[in-house]
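Take a look at the structure below.
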Amino acid sequence: MHAILLAFDIGTSGLKASLIDENLNVLRNVTTTYPTRHLPNGGCEQDATDWWMSAVRAMLMLRELAPEYVKKVDAIGVSGHMLGCLPMDREGQALRPAMIHADTRALAYSNDLRARFGRDYFYTITGNVLSPTASLCKAVWLKNEEPELYAKTWRILQAKDYLVYRLCGRMETTDLSDASHGMLMNLQTRRYDPELFRCAELDMDKFPEIRAGCEIAGHLTEEAACHLGLRAGIPVSVGGGDGACANVGAGVARMGEFYLSLGTTAWIAGAMNEPFFDPEHRIFHIYTLDGNGCNVFGTMQCAGRSVTWAQELFDIPTPRAFDSSASQAPAGAGGLIYLPYLEGERSPVFDAQAQGVFFGMNTTHKREHFLRAILEGVGCSISQILDILRERQTISELRIIGGGAKSKLWKQILADMCQVKLHDVSTFSDSATSLGAAAAAGVGIGLYGSLPEAAAHIAVSSTFEPNPETQAVYALTKKRYAMLYPSLVEAFHTRA
């Protein structure tokens, strides 16, 4: 009998439920949505009960669409957005809405911690740059801004931890990926760091046990099974953050393999045996789902967002029309260069005040030059991230996922600028996170011997190779691009 895996993925705007076979083929999936509240003080919140009710609605839909598969579910995997903070009381009730990844209310506390202990202190422990979005800083905000509520808090959970609790009835687990990315964990010991918690003046016992995402957290309770229309007793994995799950869903699980996610934001990530503590703090870390290594990330803020912004600006109806126009400009965009810092930047420069720039404009430039410059500007940023990772090891190939992977023009530009073979994968890019969650659950029940064995089911479908004819012009473009941020940083930080 073929195995069936059920994956729940808590996204920023909705929950996706997917039925997946043992070869990591998506048999059926559905998405249900929920609201996000944006508050004027930088707050960004979701109600945890909305995640659960979305799972209930999604299963109702799957039972109608594919009842034959729902009856045969062998394990449940869970993933979710990261950098959250959800306080729960001892009875299992959420004490307030969850602060999600985009919440920046902890800015003052982040600045205070940095001023008191230095930015190097936090990076050398966690491998990540201290910022108000970190779960660590959100918990500090919670303790200081809502002290009575903090005093009642029994556990502080991430999004996927809450769903695991609703499935299994236990609030006792989180995973290595969420703990590391949230700056709660020492990368070397793979445990909460007592000294770090002392400096932040947080209670370590309010956080759940850290386990590998491939482990089994518990089994589906009778109550949860009744709500979801599933049989009780199904194993439920600890699960992982969406960043860690996406690696596996892209087919990248062996040490030394890397991929590019080209969506609204973009990142290059891959697993290394040891953390890569970058003296310049240009690289971030998220532990792997199996705990056998560190996923090393370099992230840029506005990749696909630059394209959608330009579509609005130039009144371009579709991405295909964007590519058609951009393809009319030559490689190098006639010397026009774009800095994609529309919403600040994270890698290779960590600067929230960096701004977008078109440089080198003259009267010969037309719309197509601006559009191609946007694709190439994102390519320059991604190339810089890749060069940092190449300081540790040789990288000659990348898999690519994300909405931007639909653009053949952009993929060729990226292959040329990064000097890599760029591989499309056989799965839909929006399913990568769900496939990673399913793979972790499959390892947990022994369906796969390891995550690399599971990820081997994600095949390469096509490849873009570097075009040697563009090498000289792109070398000049990247050289000029690299000169701009250092020249403009003072202007970026000089505002009314």
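The values are calculated or read from the model by the stated rules, or taken from the named source; none is laboratory data. Just so it is clear, the model here is predicted, and its values are computed rather than measured. A quick note on method: Cβ atoms are made from the backbone with ideal geometry, for glycine too, and the neighbour counts reach across all protein chains shown. Heads up: the accessible areas ignore ligands, DNA and RNA and are worked out on the full protein's heavy atoms, side chains in. Shrake-Rupley method; radii C 1.70, N 1.55, O 1.52, S 1.80 Å.
What to note about this one:
- Fraction of beta bridges assigned by DSSP in segment 329-425 that are antiparallel (%, nearest 5): 45 percent
- Mean Cα-pair separation over length for segment 398-496, i.e. relative contact order, pairs under 8 Å, 6 or more apart, %: 33 percent
- Candidate lysines for bridging to Lys411, where Cα separation is under 24 Å - those fewer than 8 sequence places away on the same chain excluded: Lys366, Lys421, Lys478, Lys479
- In degrees, nearest ten, helix 304-314 long axis to first principal axis of the chain (Cα): 50 degrees
- Of all DSSP bridge pairs formed entirely within the chain, close to 70 percent run antiparallel.
- The residues of segment 47-158 expose, per residue, 39 Å² of accessible area to a 1.4 Å probe.
- At most 13 other Cβ within 10 Å, DSSP loop - trypsin sites (Lys or Arg not before Pro), segment 213-287: Arg231
- 10 Å Cβ shell holding at most 12 others, DSSP loop, GluC sites (Glu not before Pro): longest site-free stretch of the chain: 281-390
- Degrees, to the nearest 10: 135-145 long Cα axis against longest axis of the chain: 70 degrees
- Considering all different alpha carbon pairs of the chain, the Kirkwood hydrodynamic radius works out to 23.1 Å.
- Shown here is the pair-distance distribution of segment 345-435: with all Cα-Cα distances grouped in 5 Å bins from zero up to the longest one, the shares run 3, 11, 18, 19, 20, 17, 8, 3, 1, 0 percent.
- Annotation: amide H-H contacts under 5 Å for Ala303 (H modelled 1.01 Å from N, sequence separation of 5 or more, or interchain): Thr265, Ala266.
- Within the same chain, lysines fewer than 8 places from Lys138 are excluded, and of the rest, those with a Cα less than 25 Å from its Cα are Lys152, Lys160, Lys206.
- Charge dipole magnitude, Cβ of K and R +1, D and E -1 - segment 314-456, Cα centre, debye nearest 20: 260 debye
- Estimated translational D of segment 296-385 in µm²/s (Stokes, Kirkwood radius over Cα pairs; 20 °C; 1.002 mPa s): 161 µm²/s
- Accessible-area composition of segment 108-180, carbon plus sulfur, in percent [1.4 Å probe]: 50 percent
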